[in-house]
Amino acid sequence: MGTTTFSGPVRSGGIKNTTGTTLGTDVKNVGEVVLSQKEAITQATNGAVAGVYTTDIVIPANSTITSIQVYVTTVWSGAATTLGIGTSASATALTAAGAVAGGTLGIISATAGADATRVATWYDVGNTDIRIVITSTNTGAGVGAIVVNYIQHGTYLP
């Protein structure tokens, strides 16, 4: 299977500009395409820091994160079975520490929670690319994958 890489953002829709009021012929319907990156993750050590897993998922500058799911295939084990999702700059940039339950099999949706700083980071990751980091509360046998969905920066941000 071949692959195609775009420099983005990727947009889709048949009507680029609004010229009247009739839906389907005169009103703009172009939107941004939601992109995804995924990677297998573990609860164990990555490098020198126990319980920290630095992924190869890099979200482009000024993108909007639309959702994050953790697919737990082997439950997180040990005294605590939670994890947090952050960036190489801040372990709590995307979720609170220990906010994601890894102690059961399944697909877990991560959220920013009721925190203005994290909500703002999901809305606009900032003016530089960010790398996703998983921080488990302790090391253990947990295995899974993370999927980050986002809209690459375009003209939609105020």
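Laboratory data are not the source of any read-out in this text; all were calculated from the coordinates shown. It should be emphasised that the depicted structure is a prediction, and the values quoted were computed from it without experimental measurement. Positions of Cβ are backbone-derived with ideal geometry, glycine not excepted, and every protein chain shown enters the neighbour counts.
Annotations
- Inter-label distance, Tyr71 to Ala114: 3.3 nm, where each label sits 7 Å from its Cα along the C-beta direction.
- For the pair Asn17 and Ala50, the difference between a 0.36 nm per residue extended length and the Cα-Cα distance amounts to 6.7 nm.
- Every helix of 4 or more DSSP H residues in the chain counts as -39500 (n - 2.57), and over all residues that averages to -1500 deg cm²/dmol at 222 nm.
- Semi-axes of the equivalent ellipsoid for the range 65-139, Cα gyration tensor, largest first, Å: 22, 12, 11
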